[in-house]
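These notes are about the structure you will find just below.
Each reported figure results from applying straightforward, stated rules to the coordinates on display, with no laboratory input. It should be emphasised that the depicted structure is a prediction, and the values quoted were computed from it without experimental measurement. Cβ sites come from the backbone with ideal geometry, for glycine too, and all protein chains shown count toward neighbours.
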Amino acid sequence: MIKKFILTIFSIIISTNIVNAKIDVVYPTSKELKVTSSSVYFSGNTDYGSKFYINDEAVKLWNNNFFVHVVPLNFGENKIKLTSVKNGKKEELIYTIDRNKYVKRQQSVPLYEQKNQGDVIYTKVIKTNATVRENPTKFSNRVVDLPLNVILYLEGKKGEYYKIEEKGPTQYWIHESNIKEPVKISNKIKAKFLNQKFYSDDKYEYCKIYLSHPVLFQTKQNENTIELTLFGVETKDAEGNVLPNYKYKFVFNDSVIAYDCYYEDNNFIFRKTKLPLNVDVNYPLKDIKIFVDAGHGGSEKGAVGPTRVNEKDINLSIVNYLVQYLKSAGADVITSRTDDCKVGLYDRVDIAKKNDALISISIHNNSLALGRNPYLNNGTEVHYYNKNAKLLAEIINKNLALDLNLKDNGIHKSSFVMTRQSLPISVLVEVAYMINPEEYILLQNPQFQKNVAKSIKKSIEKYIIMIKK
Ligand SMILES: [Zn+2]
């Protein structure tokens, strides 16, 4: 009796395993959604050896268990049926996707409230990396990220943005969360230029400008010059005319300039990295400081592949190989993470700066919006923001495309936290697509990951040889 009972339980367990052919849908993440796109892709996995259908149409199972499939949508409600069949048993899931006609939302344009003539509206920056933009929206171009305690005078407000009084080549707007509650004061406290000094240590050349208080600044990089403007710091030209802003042009011998600007108390500091001297072309990475960053980590998974391998883990595997190769080539390597932990974006930048890295490489892999086609989007691309990183981005991009036989999607000027810094020389690599089936399989292959790391290491070597003095 007992034997028979155990046997029955056992066979129930076995049969439940067979009955429940699972369907694990990774994207879309919800069974009901509204979209405006003409199609949606489904990615996910089912049991090995199942037959898989979407709306009764047979769908290819990559590696015998995962699917990535584009489903065209009609306007209005679309019922999409996913079916997995194995050994005569089947599992079914229904998705309801509502395709709307794209209606441009009527956005109420906030009024511009200008201060009264003669009023002096004073405020101070209360956040580090307080972004100043050209227009009062978060989509507008960044002018500069200001440090703490910079004094600003305001001219008006639109929505959540204040307009800064200073006149320059563009307008300057700052979000209300970045500044102290503005107050009316009787007289402007004018910033005074006190002194200017040049000095250097073994890593940087500095220019220190002594001011009575910190002000809004802007830098513009040209081929081998940087033009600095300190707003509201009155100076006189050679003829004795009063100029509203202090301007200075730094001229360099080299075209690759890694630089940044910050305040030490009231004093503005511009510093520029000294390029490596005495580079041995046979051993170019010797003692070069390189910051290597594995994108995402911890609860931030990045893109999720059809079998739920996370981008953060693939980024880390590639980074761990890259660190190993760079170190054996003599480089001094700093990382943001060597295991699966969460690191803030600005913390990553801080680690790179604090360690005086010359180069920063952030490793990511690409994802895709639901309305795009994962079979038409593949390949490799490199992002940079500052002029000083363009050459490095080009070399890494070309080599990755050639060495790994990937589609060359070129280099892109993108304002990301990991590219925006002008020191270190910063690039962000999107090696390949997590959601393209062939590239997803490649990305999980340790040999492919090693080849990516080798290609990037080779590119940095070539770059150092090109920029050496
Ligand atoms: Zn990423």
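Multiply the residue separation of Asn135 and Asp201 by 0.36 nm, subtract the distance between their alpha-carbon atoms, and state the gained length in nm to one decimal.
Numbers: separation 66, 0.36 × 66 = 23.76 nm, distance 3.88 nm.
Using 0.36 nm per residue and subtracting the Cα-Cα distance, I get 19.9 nm.
Stokes-Einstein at 25 °C, 0.890 mPa s, Kirkwood radius from Cα pairs: D for region 73-163 in µm² s⁻¹? Please report the intermediate quantities before stating the final value.
On the way: Rh = 18.5 Å.
D, rounded to a whole number, is 132 µm²/s.
Taking the Cα centre of region 134-245 as origin, sum charge times position over the Cβ atoms of Lys and Arg (+1) and Asp and Glu (-1), and report the length of that vector in debye to the nearest 20. Intermediate values should be presented prior to the final figure.
Working: 16 positive and 16 negative charges, 86 e Å.
Its charge dipole is roughly 420 debye.
Once you place label points 7 Å from the Cα toward the Cβ at Asp287 and Asp237, how far apart are they in nm?
4.6
Loop only by DSSP, 11 or fewer other Cβ within 10 Å of the Cβ. Give me the GluC sites (Glu not before Pro) in region 194-234 that pass, ordered by residue number.
Glu223
Rank by packing, highest mean first: peptides 285-292, 176-183, 127-134, with packing defined as the count of other Cβ atoms within 10 Å averaged across residues. Present the calculation step by step, with values, prior to reporting the outcome.
Values: 285-292: 21.4, 176-183: 13.9, 127-134: 17.6.
Averaged packing, sorted descending, gives the order 285-292, 127-134, 176-183.
Take the alpha-carbon centre of region 73-126, take the same for region 313-379, and report the distance between them in whole Å.
30
Assuming 0.692 mPa s and 37 °C, estimate D for region 289-467 with Stokes-Einstein, Rh taken as the Kirkwood radius over Cα pairs, in µm²/s.
206
Just from its helices, what would the mean residue ellipticity at 222 nm be for the chain, if runs of 4 or more DSSP H residues each count -39500 (n - 2.57) and the sum is divided by every residue, rounded to the nearest 500 deg cm²/dmol? Please report the intermediate quantities before stating the final value.
Values: 7 runs with 93 residues, N = 469.
My calculation for the chain gives -6500 deg cm²/dmol from helical runs alone.
Please identify the helices of the chain, taking whole runs of DSSP H, that span at least 15 Å along their own axis as judged from the Cα atoms and have a mean Kyte-Doolittle score of 0.0 or higher.
2-19, 390-403
Going 7 Å from the Cα of Lys51 toward and past its Cβ, which residues in region 61-100 have a backbone nitrogen under 14 Å from where you end up?
Those under the cut-off are 61, 83-91.
If R₀ is 25 angstrom, what is the calculated FRET efficiency for the pair Leu194 and Tyr112, using the beta carbon separation as r and rounding to 0.05? Please list the in-between numbers first.
On the way: r = 36 Å, r/R0 = 1.44.
Plugging the Cβ-Cβ distance into 1/(1 + (r/R0)^6) gives 0.10.
Taking the Cα centre of region 112-185 as origin, work out the dipole magnitude from +1 charges on Lys and Arg Cβ and -1 charges on Asp and Glu Cβ, in debye rounded to 20.
Working: 12 positive and 10 negative charges, 19 e Å.
The calculated dipole for region 112-185 is roughly 100 debye.
State the percent of C-alpha pairs, over all pairs in region 112-185, separated by a distance greater than 17 angstrom. Walk me through the numbers before you get to the answer.
Working: 968 of 2701 pairs.
Here the tail beyond 17 Å accounts for 36 percent of pairs.
Go through Phe52, Leu82, Phe42 and say which Cα lies farthest out towards the positive end of the charge dipole of region 16-127; charges sit on Cβ, +1 for Lys and Arg, -1 for Asp and Glu.
With unit charges placed on the Cβ atoms, the residue in question is Phe42.
Which value in Å does the Kirkwood hydrodynamic radius of the chain take, with 1/r averaged over all unlike C-alpha pairs and then inverted? The partial results should precede the final answer.
Numbers: mean 1/r = 0.0385 Å⁻¹.
After inverting the mean inverse Cα-Cα distance, the result is 26.0 Å.
Length gain on complete extension for the stretch Lys413 to Asn373, per 0.36 nm per residue less the alpha carbon to alpha carbon distance?
Numbers: separation 40, 0.36 × 40 = 14.40 nm, distance 2.35 nm.
In short, 12.1 nm is gained.
Where the only charges are on Cβ atoms (+1 Lys, Arg; -1 Asp, Glu), what is the dipole of the chain about its Cα centre, to the nearest 20 debye? Please list the in-between numbers first.
Working: 66 positive and 51 negative charges, 104 e Å.
The dipole of the chain has a size of about 500 debye.
What's the extension gain from Lys31 to Leu402 if we count 0.36 nm per residue and subtract their Cα-Cα distance? Don't skip to the answer; put the middle values down first.
Numbers: separation 371, 0.36 × 371 = 133.56 nm, distance 4.04 nm.
Gain in length upon complete extension: 129.5 nm.
Give me P(r) over region 227-343, computed from all C-alpha to C-alpha distances, binned every 10 Å, as integer percentages.
11, 24, 22, 21, 14, 7, 1, 0
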